[in-house]
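Below is one structure, written out as structure tokens; the observations come after it.
Nothing in this text is a laboratory measurement; each read-out follows from the coordinates by a stated rule. Values in this document were obtained by computation on a predicted structure and should not be read as measured data. Ideal geometry is used to build each Cβ from the backbone, glycine not excepted, and the neighbour counts take in all protein chains shown.
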Amino acid sequence: MRAGVPLRRKGAVAQEGMCHRRPWFRRPRRAPIVGSMFAVYAARIDRDQPLSGLELGERPAPEAPPGWSTVTVRAASLNHHDLWSLRGVGLPEDRLPMILGCDAAGVDADGNEVVLHSVIGQTGHGVGPDEPRSILTERYQGTFAEQVAVPTWNILPKPKELSFAEAACLPTAWLTAYRMLFTNAGVRPGDSVLVQGAGGGVATAAIVLGKAAGLRVFATSRDEAKRKRALELGAVEAVEPGARLPQRVDAVIETVGAATWSHSVKSLRPGGTLVISGATSGDRPSHAELTRIFFLELKVVGSTMGTKDELEDLLAFCAATGVRPVIDEELPLDRAREGFERLASGEQFGKIVLTNS
């Protein structure tokens, strides 16, 4: 495996013309209530205008029950899951208000720099063996706050080689891409893979990780600037969605859903694997391509998040190889609404990170 993946330094996106930053400002915070903290949370569910339910303000500080620990959040990154939560997907109204955010890196009570694995209930640690699997913000308050409480088992050491912002990008989007590529697609050096929707967090991670692992990576995007960035990150070719590839690939990394489903299936070699972890364009493709799937003996594999062991492997991989998450923008926590607006617009390339000073 080789590193050498181009890094996106903080502020580099604005220089490249990839995003237009608004003038810097901070909204004045009200005097804090005793036992409270500043947080970004879902106050209402609105399926059509999800950002109308987003609020910034004081929320109760977490109290860690036995087996849990409180972490002071230094950085947390946005995911499409946060937008879906504001639409009520996985978050019923009776659990509101809910602090959003799945990913975080920070400092524990002993001063250790840590990263959080956000899957709760999968192992029974901290919540009991019978609780269904969930991720932060579905049952338990999330990471877009000054502090968060999680099962102690979910806390991993942050490698010193990674910044808080970089580490905060890994537990959801990057872990999802890691599991899709190496666990569920089972690709090996020299294999070929198509990544749909370059620019999103999972897709960008898949391009960078695939390049570092010696894969031939093809990518798609409707945006010419994003196709150019995909090439800079290591894709051998970046095309418009639906365009014919120079070869059929061993695996497809699918997060877009309905809009790219047919292209994904048609791009696979006989016996190839399509791994899907999302459907941002919808979950009802106009053509299911069932005949092609059974005739070519294609495999369709669903993939969700990743295990704590896989996150530990991913952290070690990034520390050892020099691979770093692509960060589109870093914003202070009290400018979170700007980050949500940018994520909702689809203009970002890579991860949007919220920081606590």
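Whole-Å semi-axes of the range 255-357's equivalent ellipsoid, largest first, each the root of 5 times a Cα gyration tensor eigenvalue?
Details: eigenvalues 218, 84, 23 Å².
Working from the Cα gyration tensor, I get semi-axes of 33, 21, 11 Å.
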> When the helices in the chain are scored as -39500 (n - 2.57) per DSSP H run of 4 or longer and the sum is shared across all residues, what 222 nm value do you end up with, to the nearest 500 deg cm²/dmol?
Replying inline: -6000 deg cm²/dmol
> What is the magnitude of the charge dipole of the chain about its Cα centre, with +1 placed on the Cβ of each Lys and Arg, -1 on the Cβ of each Asp and Glu, and no other charges, expressed in debye to the nearest 20?
Replying inline: 940 debye
>> Going by amide H atoms built from the backbone, whose H comes under 5 Å of the H on Val114, apart from near neighbours?
In response: Gly106, Val107, Asp108, Lys158
> In which sequence would Phe38, Phe218, Phe317, Phe144 go, from the one with the fewest C-beta neighbours within 10 Å to the one with the most?
Replying inline: Phe38, Phe317, Phe218, Phe144
> Can you list the lysines whose alpha carbon sits under 20 Å from that of Lys228, skipping same-chain ones fewer than 8 residues off?
Replying inline: Lys10, Lys211, Lys351
> Cα-based Rg (one decimal) and Dmax (whole number) for the chain, in Å?
Replying inline: 19.8, 65
> Mind listing the phi-derived Karplus ³J(HN,Hα) values for the range 331-339, rounded to whole Hz, using 6.51, -1.76 and 1.60 with θ = phi - 60°, and x for any glycine or proline?
Replying inline: 10, x, 4, 7, 10, 4, 4, 4, x
>> At 1.306 mPa s and 10 °C, plugging the Kirkwood radius over alpha-carbon pairs of the range 173-302 into Stokes-Einstein gives what diffusion coefficient in µm²/s?
In response: 113 µm²/s
>> Place a point 7 Å from the Cα of Gln247 along the Cα-to-Cβ direction; which residues of the range 263-306 have their backbone N under 17 Å from it?
In response: 267-273
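Between beta-carbons, use under 12 Å as the cut-off and find the net charge around Gly53, counting Lys and Arg +1, Asp and Glu -1.
Working: positive: Arg44, Arg47, Arg87, Arg337; negative: Asp46, Asp48, Glu55, Asp82, Glu93.
Once positives and negatives cancel, what remains is -1.
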> Looking at Thr176, Pro332, Ile207, which one has the Cα that reaches farthest to the positive end of the dipole of the chain (charges on Cβ: Lys, Arg +1; Asp, Glu -1)?
Replying inline: Ile207
> Considering the Cα trace of the range 90-245, what is its radius of gyration and what is Dmax, both in angstroms?
Replying inline: 18.0, 54
>> Please rank Trp68, Trp84, fewest neighbouring Cβ atoms within 10 Å first, as an exposure proxy.
In response: Trp84, Trp68
> Which values of log₁₀ I(q)/I(0), to two decimal places, follow from the Debye formula for the range 39-83 at q = 0.19, 0.28 Å⁻¹ with a uniform point scatterer at every Cα?
Replying inline: -0.81, -1.10
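For the range 57-139, give the magnitude of the charge dipole about the Cα centre (Cβ charges: +1 Lys/Arg, -1 Asp/Glu; no others), in debye to the nearest 20. Intermediate results must be reported in sequence, preceding the final value.
On the way: 6 positive and 12 negative charges, 40 e Å.
It works out to roughly 200 debye.
What longest region of the chain stays clear of GluC sites (Glu not before Pro) that DSSP places outside H, G, I, E and B and that have at most 12 other Cβ atoms within 10 Å?
Details: sites that count: Glu63, Glu297.
In the chain, the maximal stretch lacking such sites is 64-296.
Charges at C-beta only: +1 for Lys and Arg, -1 for Asp and Glu. How large is the resulting dipole of the range 173-302 about its Cα centre, in Debye rounded to 20?
On the way: 16 positive and 11 negative charges, 26 e Å.
With Lys and Arg at +1 and Asp and Glu at -1, about 120 debye.
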> Using modelled backbone amide H atoms (1.01 Å from N, in-plane), which distant-in-sequence or interchain residues come within less than 5 Å of Leu331's amide H?
Replying inline: Val353, Leu354, Thr355
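So, counting K/R as plus one and D/E as minus one, what does the shell of residues with Cβ under 12 Å around Ala251 add up to?
Details: positive: Arg188, Arg216, Arg248, Arg269, Lys299; negative: Asp191, Asp250, Glu254.
Residues near Ala251 contribute +2 overall.
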>> Between 0 and 90 degrees, rounded to the nearest ten: what's the tilt of helix 308-321 against the longest Cα principal axis of the chain?
In response: 70 degrees
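Return Met37, Met98, Met180 ranked ascending by Cβ neighbour count within 10 Å, so the fewest neighbours appear first. Numbers along the way, then the final one.
On the way: Met37 19, Met98 24, Met180 31.
If I rank by nearby Cβ atoms, fewest first, I get Met37, Met98, Met180.
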